[in-house]
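Undergrad: My structure is below; once you've seen it, I'll send some questions.
The values are calculated or read from the model by the stated rules, or taken from the named source; none is laboratory data. On a predicted model such as this, the values are computed, not experimentally measured, just so you know. Cβ coordinates were reconstructed from backbone atoms using ideal geometry, including for glycine residues, and neighbour counts include every protein chain displayed.
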Amino acid sequence: MPYIYTMAYQQTAHGRPLVRPLIYEQEDDFLVDIYDLYYWGDNMLVAPILEAGQSTRRVGLPIGNWIHFFSNEVYAGGRTVDVSAPISEMPVFVKAGSFIPTVKPVTTLDQFNTDNLSISYYHHPEITSATGELYLDDGENAQAIEEGAYQLFTFQAENSEKELSIDISHNDGVYLLRPGRRNIELLIKNSTRPEHVKVDGKNTDFRYHPKDKHIQIQLTMGADPVHIRIK
């Protein structure tokens, strides 16, 4: 939900459509005749299943590196790949260097709550710099953007041989029932086990999940920016 809500903000503020053909992002002859895939916002590529009983899917990936949303397998782009397509997992890929915000699943929008957020950064060693954003408002005010009654989070990643740094900040916009502090679960996908993690200069506990190859860091964020250093 937070990812889609941010997409809607980007469409309203910048005219970027939610659903896009592949050539919208890259003018590449390889992509011109691919009609059965689409971008879902800036960062996700969806390969819908079009035939009954289909269990594999041939996917033409744009140039870049792509991480399977469900399996976390990494694919080099600029080529066609065959991927598994079980009935429970439509092939969805995330562009390396993307920030994807999520919350726990809810059954109705009345239950939607942003006190607790999960932010996944799709790390890749070839990506040296990346940005992302998250838009939040009260969900009721149709004039929120015009009135400035919203909160816009900005994510900035910088990667070198020595460390990965991630900075999180926001515009501190005010809207009805906006929480003063949020609990943030930061997940670094496609990563190796770090020696240590520092948040605002202090060593911080973390968990490493070797099966999924991701780092899990728990943060609390108020008005001030948060600086994470992973080495």
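Undergrad: Need at least 1 residues that are within 19 Å of A130 (Cβ to Cβ) per element, so show me which strands (runs of 3 or more DSSP E) inside segment 1-104 make the cut, counting only ones lying wholly within it.
TA: Strands (runs of 3 or more DSSP E) meeting the threshold: 38-40, 44-46, 56-61, 65-68, 74-76, 92-95, 99-102.
Undergrad: Could you look through segment 65-84, keep only residues that are farther than 13 Å from A47 by Cα and of a type in the set (G, A, S), and pick out the one that is farthest from the chain's Cα centre (by Cα)?
TA: G78
Undergrad: Could you run through segment 192-231 and say how many residues are in a strand (DSSP E or B) and within 18 Å of I119 (Cα to Cα)?
TA: 19
Undergrad: OK, next. Considering only segment 64-76, how many residues are of a type outside the set (S, T, N, Q), touching a Lys or Arg at 6+ places or on another chain (Cβ under 9 Å) and either free of Cβ contacts under 8 Å to residues at least 60 places away in the same chain or surrounded by fewer than 17 Cβ atoms within 10 Å (Cβ to Cβ) (or both)?
TA: Total meeting the criteria: 2.
Undergrad: Could you please give the count of residues in segment 168-223 that are surrounded by 15 or more Cβ atoms within 10 Å (Cβ to Cβ) and farther than 18 Å from L136 by Cα?
TA: Qualifying residue count for the region: 18.
Undergrad: So which of S84, S120, S98 is modelled with pLDDT under 95 and closer than 23 Å to P210 by Cα?
TA: Working: S120 fails: modelled with pLDDT under 95; S98 fails: modelled with pLDDT under 95.
The unique qualifying residue is S84.
Undergrad: Being surrounded by 18 or more Cβ atoms within 10 Å (Cβ to Cβ) and either free of Cβ contacts under 8 Å to residues at least 24 places away in the same chain or of a type in the set (S, T, N, Q) (or both) is true for just one of Q143, Q156, Q151. Which residue is that?
TA: On the way: Q143 fails: surrounded by 18 or more Cβ atoms within 10 Å (Cβ to Cβ); Q156 fails: surrounded by 18 or more Cβ atoms within 10 Å (Cβ to Cβ).
None of the others qualify; the one that does is Q151.
Undergrad: Could you give me the residue pairs with C-beta distances under 8 Å whose first residue belongs to segment 164-192 and is assigned by TED's automatic domain parsing to the domain that holds G148 and in contact (Cβ under 8 Å) with a residue 12 or more places away in the chain, whose second residue is surrounded by 14 or more Cβ atoms within 10 Å (Cβ to Cβ) and basic (K, R) wherever it lies, and which are 6+ apart or on separate chains?
TA: Qualifying pairs under 8 Å: L164/R229; S165/R229; K189/K213; N190/K213; S191/K213; T192/K213.
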